[in-house]
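Asker: This is the structure I have questions about; it appears just below.
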């Protein structure tokens, strides 16, 4: 049924009324109402198609699994990589994956795509906008919004360097004499970059590197340009938006310049505009910080739809390295449930490393060092950040996930694939939407050759497969690559059949021995329960079913092994790294 023009105008007016206080807060010196109308116009929202939005609506269910990949993670000399990606998805992951995060597919100059030199075009080495749109016909596309900074080769910065007054205020400037010691950063390079212009020397702000110049969102023209770009991405097929490094968006000298109130207000403004432009859109914030800081990006259900579960990777990997789920269990017990309309993005690996900041306050320094040393013995590198007092602290561990599971703190063993599948069985079953890195699906090992060539730690986990090399490995049942892919696809297939794995289904942590990690999921309709129990050790463990309180009026089955449970008070022996999913409906 079409909405009447009067209703549309009411929805449009409601949107203006909703965003004007945010615009006023961010830009107190501007005419807030006029500027609010400009924001709506730049986002491509028209009065005739503005239907408003539905608050607290979840745009996901147990069918949703996200793939994280670069556009050129798999290459074929006969076609552009985005076409190869589509073929790979359709061949190996079509029944598993519903969402695809294609890491920055724009032209760039450094940082694996995160120094964008042109926001409006696809990197010609990858393909074209038509290729992106083609993928979006079968999968929900997540686009990167790399808006904290742009490349030093971006036309905006080149115009700034040339003295163009239009771009004078597009970038943040500060004096090298200014005390910036409170600024929190994930890098150890100098914060300010000297830039020579016709108007004299300027020092511009660079949170990440001197090739990544921070944009000045206190200038409304910058924000308006970003909304115009988002409208373009929606037109090209994107429906999920990842706000990269968003915690650093707003800067006020004399503060930490991270998680400022203005940053949260900016996200609220973006969400209000995006969800009116595309009601099914999802916003995901990327903030690699401790849990309490990370969860603030849900706002009051008016900021991110999803937040990355950044504490999961280091704590889950630590559990499998040590054979103890103590810290993983403590963390999960402290996690608040996400309200409807929000959820967690559960991942173990990505194009970046394993962040260790989210483990702060959970792992003590000795435990963290033990984990780092164990992973270094499997080939890992460590990246560093600058602390508040100028000291160097570990920021992330760089390693391919399959290699992180070569062994335990005691050394390598024969359970590499079992650990890999156990880790993902946990991530797939937890409250939230699972996100799996392409190199985890394909069990890609450390790319030591690329690391040696670039000396960039993250490149150890950014291998580029040639399709003709990968395909035989994925189709040979004797290979680790096939075993991991087959195992993950099977687990995902089971997840999709069960409503208790809905991202917003109830979750409670089970109180089991530290050798076992378990939790209970209950469907939104409360008619299905699944008890998830995982052996995180390299020795068999006994599970007493009496600890699970299985209701004796129901029949229960372990659905991974497809075995009916006869004695609800009996025991189960879990092999090393075995996972069981025990349910009353199948």
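Asker: Any idea which of (1) part of a loop (DSSP other than H, G, I, E, B); (2) under 23 Å from residue 379 (Cα atoms) is the one residue 477 doesn't satisfy?
Answerer: (2)
Asker: Quick check, is residue 51 more than 24 Å from the chain's Cα centre (by Cα) and in a loop (DSSP other than H, G, I, E, B)?
Answerer: Yes.
Asker: Could you check the range 291-385 for helices (runs of 4 or more DSSP H) lying wholly inside it with 3 or more residues that are free of Cβ contacts under 8 Å to residues at least 12 places away in the same chain and either within 18 Å of the chain's Cα centre (by Cα) or within 28 Å of residue 539 (Cα to Cα) (or both)?
Answerer: Hits in the range 291-385: 365-377.
Asker: Continuing with the same structure: One residue is enough: does the range 77-85 have a residue meeting the conditions without any contact (Cβ under 8 Å) to a residue 40 or more places away in the chain and outside any loop (DSSP other than H, G, I, E, B)?
Answerer: Checking the range 77-85: at least one residue is without any contact (Cβ under 8 Å) to a residue 40 or more places away in the chain and outside any loop (DSSP other than H, G, I, E, B).
Let's see how each residue does on (1) out of contact with any strand residue (DSSP E or B) (no Cβ under 9 Å at 6 or more places or on another chain); (2) buried (at least 19 other Cβ atoms within 10 Å of the Cβ); (3) more than 29 Å from residue 112 (Cβ to Cβ):
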| site | (1), (2), (3) |
| --- | --- |
| 327 | no, yes, yes |
| 340 | yes, no, yes |
| 345 | no, yes, no |
| 348 | no, yes, no |
| 374 | no, yes, no |
| 381 | no, yes, no |
| 391 | yes, no, no |
| 408 | yes, no, yes |
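Asker: Then there's this: Among the candidates 61, 72, which residue alone is more than 22 Å from residue 400 (Cα to Cα), within 21 Å of the chain's Cα centre (by Cα) and assigned to a loop (DSSP other than H, G, I, E, B)?
Answerer: None of the others qualify; the one that does is 61.
Asker: Here's a follow-up. Can you find even one residue in the range 219-235 that is assigned to a loop (DSSP other than H, G, I, E, B), at pLDDT 95 or above and touching a helix residue (DSSP H, G or I) at 6+ places or on another chain (Cβ under 6 Å)? Step through it out loud before you land on a result.
Answerer: Just the residues of the range 219-235 that are assigned to a loop (DSSP other than H, G, I, E, B), to begin with: 219.
Next, only the ones that are at pLDDT 95 or above stay: 219.
From the residues that got through so far, the ones that are touching a helix residue (DSSP H, G or I) at 6+ places or on another chain (Cβ under 6 Å) too are none.
Checking the range 219-235: not a single residue is assigned to a loop (DSSP other than H, G, I, E, B), at pLDDT 95 or above and touching a helix residue (DSSP H, G or I) at 6+ places or on another chain (Cβ under 6 Å).
Rundown of residues vs (1) within 22 Å of the chain's Cα centre (by Cα); (2) assigned to a helix (DSSP H, G or I); (3) surrounded by fewer than 21 Cβ atoms within 10 Å (Cβ to Cβ); (4) without any contact (Cβ under 8 Å) to a residue 24 or more places away in the chain, yes/no style:
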{"site": "431", "(1), (2), (3), (4)": "yes, no, no, no"}
{"site": "453", "(1), (2), (3), (4)": "no, yes, yes, yes"}
{"site": "484", "(1), (2), (3), (4)": "yes, yes, no, no"}
{"site": "488", "(1), (2), (3), (4)": "yes, yes, no, no"}
{"site": "494", "(1), (2), (3), (4)": "no, yes, yes, no"}
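Asker: Please determine whether any residue of the range 255-273 is surrounded by fewer than 20 Cβ atoms within 10 Å (Cβ to Cβ), without any contact (Cβ under 8 Å) to a residue 60 or more places away in the chain and farther than 20 Å from residue 20 by Cα.
Answerer: No: the range 255-273 contains no residue that is surrounded by fewer than 20 Cβ atoms within 10 Å (Cβ to Cβ), without any contact (Cβ under 8 Å) to a residue 60 or more places away in the chain and farther than 20 Å from residue 20 by Cα.
Asker: For residues in the range 528-567 being part of a loop (DSSP other than H, G, I, E, B) and in contact with a helix residue (DSSP H, G or I) (Cβ under 8 Å, 6 or more places away or on another chain), which is nearest to residue 502 (Cα to Cα)? Let's see the steps before the verdict.
Answerer: Of all residues in the range 528-567, those part of a loop (DSSP other than H, G, I, E, B) come to 528, 536-540, 549-555, 559-562, 566-567.
Filter once more, keeping what is in contact with a helix residue (DSSP H, G or I) (Cβ under 8 Å, 6 or more places away or on another chain): 528, 536, 559-560, 567.
Working: 528: 11, 536: 24, 559: 17, 560: 18, 567: 28 Å.
Here the answer is 528.
Residue by residue, here is whether (1) more than 16 Å from residue 68 (Cα to Cα); (2) crowded, with 21+ Cβ neighbours inside 10 Å; (3) over 19 Å from the mean Cα position of the chain (by Cα) holds:
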site	(1), (2), (3)
102	no, yes, no
110	yes, no, yes
150	yes, yes, yes
165	yes, no, yes
171	yes, yes, yes
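Asker: Do we have residue 287 as buried (at least 21 other Cβ atoms within 10 Å of the Cβ), more than 29 Å from residue 366 (Cα to Cα) and within 13 Å of the chain's Cα centre (by Cα) here? First the steps, then the outcome.
Answerer: Numbers: buried (at least 21 other Cβ atoms within 10 Å of the Cβ): yes; more than 29 Å from residue 366 (Cα to Cα): no; within 13 Å of the chain's Cα centre (by Cα): yes.
No: the conditions fail for residue 287.
Okay, residues lined up against (1) touching a strand residue (DSSP E or B) at 6+ places or on another chain (Cβ under 7 Å); (2) part of a loop (DSSP other than H, G, I, E, B); (3) at positive phi:
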| position | (1), (2), (3) |
| --- | --- |
| 132 | yes, no, no |
| 142 | yes, no, no |
| 157 | yes, no, no |
| 187 | yes, yes, no |
| 190 | no, yes, no |
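Asker: Regarding the range 241-264, can at least one residue be identified that is in contact with a helix residue (DSSP H, G or I) (Cβ under 8 Å, 6 or more places away or on another chain), over 18 Å from residue 296 (Cβ atoms) and part of a strand (DSSP E or B)?
Answerer: yes
The values are calculated or read from the model by the stated rules, or taken from the named source; none is laboratory data. If you're wondering where the values come from, they're calculated on a predicted model, not measured in any experiment. Glycine also receives a Cβ, built like all others from the backbone with ideal geometry; neighbour counts cover every protein chain displayed.
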